[in-house]
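The next block holds one structure in the form of C-alpha cells; read it before the comments.
The values are calculated or read from the model by the stated rules, or taken from the named source; none is laboratory data. All of these numbers come straight from a predicted model, not from anything done at the bench. Using ideal geometry, Cβ is built from the backbone for each residue, glycine included, and neighbour counts are taken over all protein chains shown.
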Amino acid sequence: MGKLLVNVSPHVSSKESTKGIMKDVIIALMPATLVGTYLFGLYALSMTLLTILTCVLTETVWNKVRKVENTIGDYSAIVTGLILGLNLPPYVPFYIPIVGGIFAIALVKMLFGGLGRNFANPAATARVMLLLSWVGIMTTFYSPIEYTGIMDFFSYPPMTDAFATATPLGLDKAASATALVWQSTAMEGFLGNIAGSFGETSALALLMGGIYLIARKVIGWKIPVVIILGTAAFGVLFGNTVETALTNVLFGGLFIGAFFMATDYSTSPNTDTSRVIYALMIAFITVLVREIGGYPEGMSFAIILANICVPLFDRYIIPKSFGDGRDTVALVTNVAVFGFIAITLLVGFVL
Amino acid sequence: MSSFRKGVHPHDCKEMTSQKSIEKLISGEAAKVFIPISQFAGEKSDVLVQAGDVVTCGQCIAKATGKFGVDIHASISGTVVGVQKEITAVGSYVDCIVIEKNDDSGYIFMENIKSEESSDVITRIKEAGIIGMGGASFPTHFKLQVPADKVVDFLLINAAECEPYINCDNRLMIEQSIKCVEGARIVAKAVGVKKIVIGVEENKAEAIEALLTVPNTSSDIKDVESKVIILKLKTKYPQGAEKILIKAITSREVPTGKLPADVGCVVVNLHTTYQVFLAVRENRPLTERVVTVSGGALENPSNFIVPIGTLYEDLFAATKGDMDTVCEIISGGPMMGFTVFSTRIPVAKGTSSILFLTEKEIAKESSSVCINCGKCASVCPLKLMPMYMDSYSIEGDFETANKYGIMKCMECGCCSFACPAKRPLVQSIRLAKKALRKKGAR
C-alpha cells in the first residue's frame with residue numbers, strides 16, 4: 001500500500017492559482033506594452049524592463065534579508081514593475097524606475113507584509129511619490145515618434161527638449177475652461193497616438209487587456225465599468241460639456257487605472273456593493289483633481305485615496321447571507337450608483 | 001433552466017461510470033458483512049441476535065429505539081459472529097453486527113402493508129430501516145412527519161447528484177425509472193402534498209429521458225398540479241444541497257435557522273424514494289444500496305448494488321484497483337466526502353460512493369497567503385465571506401468569525417475549491433465552528 005492522504009474536504013480544487021492570475025495580468029498588459037514600444041521606441045521599453053528588474057530584485061533582497069522563502073515565483077513583483085513602467089513618462093532618466101521600483105516593493109508592499117497585505121496599490125503609490133519628488137521629469141511628455149526610418153526606434157529620445165509637449169489633459173488644464181483645446185481627435189486618443197506615459201496612451205490596447213481579464217474572470221466588470229462611466233458622468237457635471245467628459249475618459253491614465261490598478265485584489269473591496277461605491281469614489285476624485293485641483297492627472301491620487309478607505313467598506317458593508325432576506329443596502333447602492341451614471345450621461349450626451 | 005446563484009463547476013468525472021449498469025457484487029467476495037447499528041444520525045438500535053445465530057437476508061436483527069432510530073436488517077444470510085467495534089467512514093468506532101455468509105439464498109420479506117395511508121407508510125419506512133441515502137443519513141420517517149402547524153405543498157426529490165464521480169442515482173433513474181417515480185408518489189401521499197418535482201442536473205440527459213417515459217410525468221413545471229415534474233437543473237455544484245435545491249426549484253429561501261418545512265417543502269433523496277417503493281410495494285427492507293466505486297486508481301470503476309456492511313476492500317478488489325497509485329480514499333464525493341485511512345470500513349446506508357483517487361486527480365498544492373481576491377465570497381452559495389472567517393479562525397478570534405455568520409456555513413467546499421492560493425478554508429471554518437459549538441453557539 002502506498003501512502004494515503006487523510007484530508008479535510010474538498011479533495012479537488014480548481015486549476016486557478018495565484019501565479020496563473022498574475023500571468024493573465026501580464027498577458028493582458030502586452031497590447032499596451034507593444035503599442036508603447038512602437039510609439040516611443042527602445043529606450044522607453046528598456047525603462048519599463050528596468051522597473052520590472054528593480055521590483056524583482058528588491059523583493060528578492062527583502063526576502064533574503066528577512067531569511068524567508070523568496071516569493072518572486074508568484075510573479076506579483078513582475079506585475080507591479082510592469083504597471084509602474086507603463087505609468088512612467090517614456091523618456092525618464094534611469095534612476096526614476098529604480099527609485100520607483102524600490103519604493104513600490106519595499107515600502108508599499110513588503111513593509112506591510114507582502115502580497116495581499118499592501119495598504120495601497122504599489123504602482124499608483126510609487127507614481128505619486130515620483131510625481132511629487134520629480135515634478136519636472138514626471139510631467140514632461142513627448143509626442144510619439146514620427147517614423148522616418150527603422151533607426152528612429154533606436155535613436156529616440158532626441159537629446160533636445162524641442163519634442164517635449166503637454167498631454168491632452170495638460171493642455172486642457174492650461175487652456176481656459178471655455179476654450180478647450182483638442183490637440184488630438186478623440187479617435188487618436190482612443191488608438192493611443194498622443195503624448196502621454198509609456199503604456200497609458202492607447203485606450204484601445206488597455207481595453208483589449210481589460211476585456212481579456214474580465215473574460216478570464218480575473219477581475220469583475222463592475223469596478224472598471226463604474227470608473228469609466230462614472231468619470232464620464234462627473235466630466236459632464238464638472239465641465240458642462242461632452243468634450244470634457246470624453247477627454248476625461250480617453251486621455252490620461254483612466255483605462256490602465258480602471259482595469260489594472262483599481263482592481264488590485266488586496267486594495268479593492270471584497271464585495272460587489274462596496275466595489276460599486278469604491279469605483280464611483282475613484283471616478284469622482286479623478287475628475288475633481290483633473291478639473292479643479294492643481295494636477296493634470298488625478299487617477300493615481302484617486303486610487304490611493306480610495307484604497308485606504310477599503311478597510312472601512314469591508315468592515316461596515318457586509319452583505320446579507322442566504323436566508324436573511326433581501327439585501328436592501330446592495331439594492332439601493334446599485335440603483336443609486338448606476339441610476340446616477342445613466343441619468344447624468346443621458347442628460348449630458350442627448351440633451 | 002432552474003439554478004441558483006454563485007457556486008462552482010468542478011470537472012464532473014462522471015464518464016468513468018455513467019454508462020456502467022448496476023451490477024450485483026459477485027457473491028463470495030463479500031464473505032463477511034459488518035452492519036453498523038447506529039448510522040450517522042439516530043439512536044443506537046437494540047440488537048436482537050447474538051453470536052452463533054443463523055440469520056436470513058432481510059431478517060430484522062436490531063430494533064429501533066428513540067424517535068430517530070430505525071430497524072436494521074441482515075443484509076446477507078449467514079451466521080452471526082458477534083457485535084464488534086469497527087471504524088466507520090467518519091473515523092469513529094461504531095458497534096457493528098458481523099455476519100459470516102452461508103450458502104442460503106433465501107430472503108425474508110416484510111408483511112404486506114395494511115394501507116398506503118400516511119401513518120402506515122411512515123411506520124413502514126421506519127421498520128424497513130430507511131434513512132436518507134444521499135449522505136446525511138437523516139431518518140426519513142422523521143422528515144416526513146411534518147408538524148401540524150406547518151403547511152407543506154411541495155415534495156422535492158433530490159436527484160441533482162452534483163458531486164463529481166457519483167452515478168448511483170443516475171443509474172437508478174435510468175434502470176428503475178418507474179420505481180423511482182412511483183416511490184416519489186408514495187412519499188408525496190404520506191406527506192400529504194400534490195406537487196412533486198424531481199430535480200436532475202442536465203448532465204444526466206439519459207436519466208431525464210428515462211424518467212419522462214414513465215406515464216404521467218412532464219418536464220413542464222406548469223403541469224405540477226397533475227403530474228410528476230422532471231425538472232432539468234443546471235450542472236453546477238452544490239445544486240443538490242437541500243436549501244439550494246429548494247431555492248433553485250421554488251425560488252423560496254429557507255430563513256436562517258429554519259427548516260425546509262417552514263417554506264412549504266420536503267426534500268427527499270432519489271435513492272431514498274426508490275427504497276420507499278421497495279419497502280411499500282415489494283415488502284423489501286433496506287438491505288442493500290447502489291454504490292459508485294470510481295477513481296483513477298481503478299481498472300474497472302463500477303456501480304455496484306452491495307449488501308450494507310460490505311467492506312470497502314471487497315469493492316476495491318472487485319474493481320481491480322492498484323493500491324500503489326491510490327492517494328486518497330474518499331467515502332462520498334470529492335467535494336464533501338470523508339477521507340478514510342483504511343479499506344476495512346463497512347458500507348453504510350448513506351454511502352453513495354467510494355473513490356480511490358490518484359495523486360494526479362487530487363493535485364494537492366501547498367497553500368500560500370491570501371491575496372484578498374474575493375473568489376471565495378464570489379462562489380459561496382450562502383453569500384458568506386470565507387476569507388474573513390478563515391483569517392479570524394486562524395487568529396483564534398472565533399467570536400468575530402461568528403459575526404460573519406460562520407455557523408451558517410454548510411461546508412460545501414466551494415470556497416476552498418475556488419481559492420487560487422489553495423487555502424484550506426473549510427478546515428479553518430470547521431475549527432471555529434467546533435470551538436463555537438462548545439460554547440453553545442448554534
Inset, instruction - Just give me the residues in the range A:296-309 being surrounded by 21 or more Cβ atoms within 10 Å (Cβ to Cβ) and among the aliphatic types (A, V, I, L, M), in sequence order. - result: A:M299, A:A302, A:I303, A:I304, A:A306
Legend entry - Check on A:A245, surrounded by 23 or more Cβ atoms within 10 Å (Cβ to Cβ), more than 28 Å from A:M30 (Cβ to Cβ), more than 10 Å from chain B (Cβ to nearest Cβ) and not acidic (D, E): yes
Legend entry - Subset of the range B:261-289 [touching a residue at least 24 places away in the same chain (Cβ under 8 Å) and within 14 Å of another protein chain (Cβ to nearest Cβ)]: B:D262, B:C265
Inset, instruction - Could you grab me the full set of residues in the range A:104-119 that are within 17 Å of the chain's Cα centre (by Cα) and in a helix (DSSP H, G or I)? - result: A:A104, A:I105, A:V108, A:K109
Inset, instruction - Name every residue in the range B:412-432 that is among the β-branched types (V, I, T) and facing chain A (nearest Cβ under 7 Å), in order of residue number. - result: B:V426
Inset, instruction - Test each condition in (1) modelled with pLDDT of 90 or more; (2) surrounded by fewer than 23 Cβ atoms within 10 Å (Cβ to Cβ) for A:P122 and report the one that comes out false. - result: (2)
Legend entry - Residue in the range B:291-303 that is surrounded by fewer than 23 Cβ atoms within 10 Å (Cβ to Cβ) and either within 14 Å of chain A (Cβ to nearest Cβ) or part of a strand (DSSP E or B) (or both) present: yes
Inset, instruction - Within the range B:347-365, work out how many residues are within 30 Å of B:L286 (Cα to Cα) and within 9 Å of chain A (Cβ to nearest Cβ). - result: 2
Inset, instruction - Identify, by number, the condition in (1) modelled with pLDDT of 90 or more; (2) closer than 25 Å to A:I21 by Cβ; (3) buried (at least 23 other Cβ atoms within 10 Å of the Cβ); (4) not aromatic (F, W, Y) that A:L280 doesn't meet. - result: (2)
Inset, instruction - Identify all residues within the range B:366-393 that are within 18 Å of A:D74 (Cβ to Cβ) and facing chain A (nearest Cβ under 7 Å); write none if there are none. - result: B:S368, B:V369, B:C370, B:I371, B:N372, B:C373, B:G374, B:M387
Legend entry - Hits in the range A:91-123 - residues which are more than 14 Å from chain B (Cβ to nearest Cβ), touching a Ser or Thr at 6+ places or on another chain (Cβ under 7 Å) and under 16 Å from A:E200 (Cβ atoms): A:P97, A:G100, A:A123
Inset, instruction - Answer yes or no: is there a residue in the range B:43-60 that is touching a residue at least 40 places away in the same chain (Cβ under 8 Å) and under 30 Å from B:G295 (Cα atoms). - result: no
Legend entry - In the range B:251-274, the residues that are assigned to a helix (DSSP H, G or I) and surrounded by fewer than 19 Cβ atoms within 10 Å (Cβ to Cβ): B:D262
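Yes/no matrix, rows are residues, columns are (1) more than 23 Å from A:S268 (Cβ to Cβ); (2) part of a helix (DSSP H, G or I); (3) of a type outside the set (S, T, N, Q); (4) not assigned by TED's automatic domain parsing to the domain that holds B:V254:
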{"site": "B:K364", "(1), (2), (3), (4)": "yes, no, yes, yes"}
{"site": "B:S368", "(1), (2), (3), (4)": "no, no, no, yes"}
{"site": "B:L384", "(1), (2), (3), (4)": "no, no, yes, yes"}
{"site": "B:S393", "(1), (2), (3), (4)": "yes, yes, no, yes"}
Inset, instruction - Inspect the range A:253-263 for any residue being over 12 Å from the mean Cα position of the chain (by Cα) and in contact (Cβ under 8 Å) with a residue 40 or more places away in the chain and give the result as yes or no. - result: no
Legend entry - Count of residues meeting criterion [in contact with a strand residue (DSSP E or B) (Cβ under 8 Å, 6 or more places away or on another chain) and within 22 Å of B:D120 (Cβ to Cβ)] in the range B:277-301: 3
Inset, instruction - For A:G293, state whether it is out of contact with any strand residue (DSSP E or B) (no Cβ under 9 Å at 6 or more places or on another chain), of a type outside the set (D, E, K, R) and surrounded by fewer than 19 Cβ atoms within 10 Å (Cβ to Cβ). - result: yes
Legend entry - Qualifying residue in the range B:331-345 (condition: away from chain A (no Cβ under 11 Å), out of contact with any Cys (no Cβ under 8 Å at 6 or more places or on another chain) and of a type in the set (G, A, S)): no
Inset, instruction - For the range B:69-82, indicate whether the set of residues that are within 23 Å of B:T319 (Cβ to Cβ) and of a type outside the set (K, R) is non-empty. - result: yes
Inset, instruction - For A:T54, state whether it is within 14 Å of another protein chain (Cβ to nearest Cβ), touching a helix residue (DSSP H, G or I) at 6+ places or on another chain (Cβ under 7 Å), within 21 Å of A:I105 (Cβ to Cβ) and buried (at least 22 other Cβ atoms within 10 Å of the Cβ). - result: no
Inset, instruction - Return only the number of the condition from (1) over 20 Å from the mean Cα position of the chain (by Cα); (2) more than 14 Å from chain B (Cβ to nearest Cβ) that A:L34 does not satisfy. - result: (1)
Inset, instruction - Determine whether the range B:419-431 contains at least one residue that is closer than 30 Å to B:V326 by Cα and free of Cβ contacts under 8 Å to residues at least 12 places away in the same chain. - result: yes
Inset, instruction - Starting from residues that are buried (at least 18 other Cβ atoms within 10 Å of the Cβ) and away from chain B (no Cβ under 11 Å), keep the ones in the range A:1-31 and report whichever is farthest from B:S428 (Cα to Cα). - result: A:P31
Inset, instruction - Could you please give the count of residues in the range A:328-351 that are free of Cβ contacts under 8 Å to residues at least 40 places away in the same chain and either under 25 Å from B:I246 (Cβ atoms) or within 14 Å of chain B (Cβ to nearest Cβ) (or both)? - result: 2
Legend entry - Test: B:E225 is more than 21 Å from B:R124 (Cα to Cα), surrounded by 20 or more Cβ atoms within 10 Å (Cβ to Cβ), modelled with pLDDT under 95 and of a type in the set (D, E): no
Inset, instruction - Name the single residue, out of those in the range B:319-330 being within 11 Å of chain A (Cβ to nearest Cβ) and either part of a loop (DSSP other than H, G, I, E, B) or charged (D, E, K, R) (or both), that is farthest from the chain's Cα centre (by Cα). - result: B:D324
